[in-house]
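Heads up, the thing below is written out as structure tokens.
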Amino acid sequence: MAKSILITSVEGHSGKSLIALGVIDALSRATARVGVFRPVSRNDDGTDDVLEMLLARTDVGLDLAECIGVGYDALRADQEQALGRILERYRAVEAQCDAVVILGSDYTDVAGPAELGVNARIAANLGAPVLLVLNGREHLGHGDQLGITEARTPAQLAQIARLGVSELAQERAALAAVVVNRADPSAVDAIVDRVSTELSELDPIGAAATVPVWAIPEERTLVAPSVRGVLQALDGRMVRGDTALLDREVLDVVIAGMSMVNVLPRLLESSVVVIPADREDVLLATLLAQASGTFPSIAAIVLNGPFALPEQIERLLDGLGPTVPIIATDHGTYDTTVRVMNAPGRLSVDAPHRVDRALALFEQHVDVPRLIELLGVAHSDVVTPLMFQYELFDRARTERRTIVLPEGSDDRVLRAAGTVLQRGIADLVILGDPAAIRSRAQELGVDLTAARLVSPTDPTLVKRFAAEYARLRAHKGVTLAQAADTVTDVSYFGTLMVHLGLADGMVSGAAHTTAHTIRPAFEIIKTRPGVSVVSSVFLMSLADRVLVYGDCAVIPDPTSEQLADIAISSAATASAFGIEPRVAMLSYSTGDSGTGADVDKVRRATELVRERAPELPVEGPIQYDAAADAAVARAKLPGSSVAGRATVFVFPDLNTGNNTYKAVQRSAGAVAMGPVLQGLNKPINDLSRGALVEDIVNTIAITAIQAQEERA
């Protein structure tokens with residue numbers, strides 16, 4: 001039976017989706033199959049944005065419809081029948097999972113005032129303990145004015161906790177933990193102490209005193225609406241602008257109903273500027289202020305009213321290129337302003353930077369190991385791609401290293417940098433024009449305040465790097481003047497930062513070729529003692545384990561000596577990432593069954609590995625099926641300690657390796673992390689030019705771990 005926990009709150013707008021996200025993240029580190037279930041969904045049409053966002057963080061493969069019990073209409077019509085349906089559908093999800101996070105209802109007016117009792121009753125029937133979420137802020141507004149809130153005191157929250165726990169007890173639901181979300185940042189410790197005391201007084205035998213209480217401080221950017229949310233709240237039309245900026249947070253509203261000279265000093269950072277659609281002068285002045293960089297950076301412009309822009313203005317805007325999003329709506333100024341102010345802020349799959357922020361907050365303020373222990377989830381021997389990713393992040397955090405990113409003009413790199421900084425994976429140096437990087441990051445909603453931004457034309461560093469590069473390449477006739485010209489190239493600049501200890505590793509290649517990325521490393525970093533070649537591996541994260549494939553990216557046709565080097569380096573890389581190395585030297589024949597130059601090359605390489613690393617389990621020549629499948633291994637190579645159990649696969653040439661990793665990636669749905677370069681004195685890693693943000697984040701974590709190994 002799967003372990004489960006039901007997350008519910010005493011009232012609406014508590015941000016329990018953040019808590020659910022954190023719990024899923026925590027459980028996914030320990031077990032392979034974490035599911036999500038929503039007993040009562042707000043939408044009777046089978047859609048649920050929050051559930052969709054949570055499912056995107058799991059690996060089980062459940063679809064949305066499977067994970068919903070009933071809609072509010074069904075619950076209101078016949079609660080007993082609805083409970084039976086919820087239990088039936090929950091059991092179907094539970095059967096496919098090791099742990100299930102159950103998300104309580106959303107507190108709408110259709111469910112009535114006793115909604116906590118309904119959630120408690122569901123928890124009792126499903127046998128799931130409750131994680132009770134308290135809202136650290138009180139909503140003061142009425143009707144549409146839900147955005148007006150104030151912080152609750154520790155005493156107020158303690159009283160709410162008492163009422164909530166009493167309601168749970170009345171329905172015989174077990175309390176697992178209490179989380180105060182959106183807590184006053186200045187009173188987090190006081191809130192935890194006061195609520196904990198209240199729980200202990202509520203239970204004279206002291207059992208409640210063992211219930212953990214955590215508090216997560218208010219983070220304004222998580223509750224602020226995005227430009228996309230404003231667009232939806234207005235039922236508006238995006239008439240112009242950069243769609244990449246739709247996920248930026250909106251922190252203020254500026255009503256631009258006055259003249260241009262009076263509007264400009266009233267512009268606010270990350271604000272939506274509401275402009276009557278017939279005030280073209282104010283529109284142009286606002287766009288000019290945004291482009292100038294001397295005024296606050298706004299999030300979007302809303303043109304309100306049933307007026308089309310004149311053709312001359314449209315032509316003028318055509319020449320400006322990408323701008324902040326410009327949204328058109330037919331609503332009046334008052335209605336537009338109210339809708340913008342009350343647009344909901346929410347976590348979603350469309351805003352990964354918000355998810356990163358939420359997870360970072362959860363990790364900082366909730367005792368994740370205690371939570372896993374509380375739920376009794378045993379650690380699994382299976383390693384899914386998600387589990388391996390969390391393991392990488394945890395390893396990287398243990399001893400933070402500094403990684404340089406030369407491609408500061410690439411949006412993917414900036415987004416990845418934001419994730420890395422939010423999750424505490426590494427410290428970062430980003431190369432490029434600092435002002436341009438800050439401006440673009442702000443537009444993207446990415447927080448890079450913790451990164452060091454460095455210009456590759458910084459005169460002090462250029463002078464230092466040129467002298468060092470000229471010294472290293474003097475035997476090639478490189479002069480100081482030539483060196484000064486060369487080192488302003490971002491790949492050389494970043495590599496020299498690593499060489500001189502200003503960074504521990506480098507990740508590049510999203511916007512540059514592999515040769516451009518690694519050539520400076522060959523010239524400056526060079527190979528480790530005892531290693532003749534630089535090679536690469538891919539960490540292939542399959543459904544239940546992680547394998548190492550080498551070399552799939554660097555050496556086209558390695559010799560026997562080079563293959564031996566690749567095998568030994570790949571085994572060392574495997575060990576660095578917690579994979580027990582058992583090396584298969586691949587060929588088209590197994591054991592003594594085949595002959596020929598290609599087989600002999602692999603046979604000789606295997607002998608060299610055994611001579612140079614006698615402690616390393618290695619088998620070769622061996623076919624892939626005999627290396628990976630225990631049944632085939634028993635038939636083809638009985639008694640081998642590697643056959644059927646290989647974790648490191650060394651391919652005889654680049655043609656075979658590159659095609660095989662791509663075939664496994666596409667056909668088996670494996671996550672290919674890499675190429676990870678090995679054999680260099682310090683870690684430099686290359687990205688595919690089609691790399692996704694997640695790929696860049698993973699590669700930075702891998703590089704940080706390699707840097708830890710270098711210093712060990």
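The values are calculated or read from the model by the stated rules, or taken from the named source; none is laboratory data. No experiment lies behind these values; they were computed from the predicted model shown. Note that each Cβ is placed from the backbone with ideal geometry, even for glycine, and that neighbours are counted across all protein chains shown. In case anyone asks, the SASA skips ligands and DNA or RNA and just uses the protein heavy atoms, side chains included. Shrake-Rupley method; radii C 1.70, N 1.55, O 1.52, S 1.80 Å.
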* Using +1 at the Cβ of each Lys and Arg and -1 at the Cβ of each Asp and Glu in segment 220-321, identify which of 302, 286, 226 lies farthest towards the dipole's positive end. => 226
* **Within the accessible area of segment 218-361 (1.4 Å probe), percent carbon and sulfur** => 57 percent
* Computed helical MRE - 222 nm, the chain, DSSP H runs ≥ 4 contributing -39500 (n - 2.57), nearest 500 -> -13000 deg cm²/dmol
* Structure fact -> Carbon/sulfur accessible area of segment 373-434, % of total, 1.4 Å probe, equals 48 percent
* Structure fact -> Taking Cα atoms, the helix 560-576 axis meets the longest principal axis of the chain at an angle in degrees (rounded to 10) of 30 degrees
* Point-charge dipole on Cβ atoms (K/R +1, D/E -1) for the chain, about Cα centre, debye to 20 -> 1640 debye
* To do: Quick one: what are the phi-derived ³J(HN,Hα) couplings along segment 486-503, Karplus 6.51/-1.76/1.60 with θ = phi - 60°, whole Hz, x for glycine and proline?
  => 5, 6, 7, 5, 4, 5, 5, 4, x, 5, 5, 4, 5, 4, 8, x, 7, 8
* What do you reckon, how do 294, 197, 337 stack up by accessible area (1.4 Å probe), largest on top? -> 294, 197, 337
* Compute the length gained on full extension between residue 464 and residue 163: take 0.36 nm times their separation in residues and subtract their Cα-Cα distance, giving the result in nm to one decimal. => 101.8 nm
* Asked: For the charge dipole of the chain, defined by +1 on Lys and Arg C-beta atoms and -1 on Asp and Glu C-beta atoms about the Cα centroid, which residue among 79, 549, 104 has the Cα displaced farthest towards the positive pole?
  -> 549
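Give me the percent relative contact order of the chain, please, defined on Cα pairs under 8 angstrom at least 6 residues apart. Please list the in-between numbers first.
Working: 1471 pairs, mean separation 76.6, N = 712.
Once divided by the residue count of the chain, the mean separation gives 11 percent.
What's the FRET efficiency of residue 64 with residue 260 using the Cβ-Cβ distance as r and R₀ = 35 Å, to the nearest 0.05? Write out the running numbers ahead of the final one.
Working: r = 48 Å, r/R0 = 1.37.
Once rounded, the FRET efficiency stands at 0.15.
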* Asked: By how many nm would the segment from residue 201 to residue 315 grow when fully extended, if each residue of separation counts as 0.36 nm and the alpha-carbon distance is taken off?
  -> 34.0 nm
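Please list 8, 221 from largest to smallest accessible area, probe radius 1.4 Å, with all protein chains kept in place.
Numbers: 8 0, 221 30 Å².
Sorted descending by solvent-accessible area, the residues read 221, 8.
If packing is taken as the average number of other Cβ atoms within 10 Å across a peptide's residues, how do 296-306, 268-278, 525-535 rank, most packed first? All intermediate terms of the calculation are to be shown ahead of the outcome.
Values: 296-306: 22.4, 268-278: 20.1, 525-535: 17.1.
Ranking, from highest mean packing down: 296-306, 268-278, 525-535.
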* For segment 552-558, Karplus couplings with θ = phi - 60° (6.51, -1.76, 1.60), whole Hz, Gly/Pro x -> 10, 8, 10, 9, x, 9, x
* Taking only protein heavy atoms into account and a 1.4 Å probe, give the accessible area per residue of the chain in Å². => 41 Å²
* FRET E, pair residue 598, residue 575, Förster distance 30 Å, beta-carbon r, rounded to 0.05 -> 0.60
* Structure fact -> Listed by chain and number, the residues whose amide H is under 5 Å from that of residue 248, excluding neighbours fewer than 5 places away on the same chain and using placed H, are 227, 228
* Given H placed on each backbone N at 1.01 Å, which residues far from residue 620 in sequence or on other chains put an amide H within less than 5 Å of it? -> 585
* Asked: Given a 1.4 Å probe and every protein chain left where it sits, what share in percent of the accessible area of segment 522-651 is carbon and sulfur?
  -> 52 percent
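In terms of solvent-accessible area of protein heavy atoms at a 1.4 angstrom probe, what is the ranking of 356, 73, highest value first?
Numbers: 356 15, 73 75 Å².
Greatest to least solvent exposure: 73, 356.
Counting Lys and Arg as +1 and Asp and Glu as -1, each charge on the Cβ, what is the dipole of segment 1-136 about the Cα centre in debye, to the nearest 20?
Working: 12 positive and 19 negative charges, 106 e Å.
Roughly 500 debye for segment 1-136.
Which of the peptides 638-647, 592-601 is most tightly packed, and how do the rest follow, going by the mean number of other Cβ atoms within 10 Å of each residue? Working shown, then result.
Numbers: 638-647: 18.8, 592-601: 13.4.
Highest-to-lowest ranking by the protection proxy: 638-647, 592-601.
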* Asked: For segment 533-539, what does the Karplus curve 6.51 cos²θ - 1.76 cosθ + 1.60, with θ = phi - 60°, yield as ³J(HN,Hα) per residue in whole Hz, taken in order and with x for Gly and Pro?
  -> 9, 8, 9, 9, 9, 10, 8
* Asked: Lysine pairs in the chain with alpha-carbon atoms under 30 Å apart, 8 or more places apart or on different chains: how many are there?
  -> 14
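Packing-wise, with mean Cβ within 10 Å as the measure, how do 317-324, 97-104 rank, highest first? Each step should come with its number before you reach the end.
Working: 317-324: 13.4, 97-104: 25.5.
Result, highest mean first: 97-104, 317-324.
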* Structure fact -> Measure of exposure for residue 648: accessible area at 1.4 Å probe, Å² rounded to 10, is 0 Å²
* In the chain, with Lys and Arg counted as +1 and Asp and Glu as -1 at Cβ, which of these residues, 376, 163, 632, has the Cα nearest the positive end of the dipole, that is, farthest along it? -> 632
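Provide the gained length on full extension for the span residue 559 to residue 476, in nm with one decimal, where the gain is 0.36 nm per separating residue minus the Cα-Cα distance. Walk me through the intermediate numbers first.
Details: separation 83, 0.36 × 83 = 29.88 nm, distance 2.73 nm.
Extra length available between residue 559 and residue 476 comes to 27.1 nm.
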* Structure fact -> Amide H contacts under 5 Å for residue 685, restricted to residues at least 5 apart in sequence or on another chain and with H modeled in the peptide plane, are 506, 507, 508
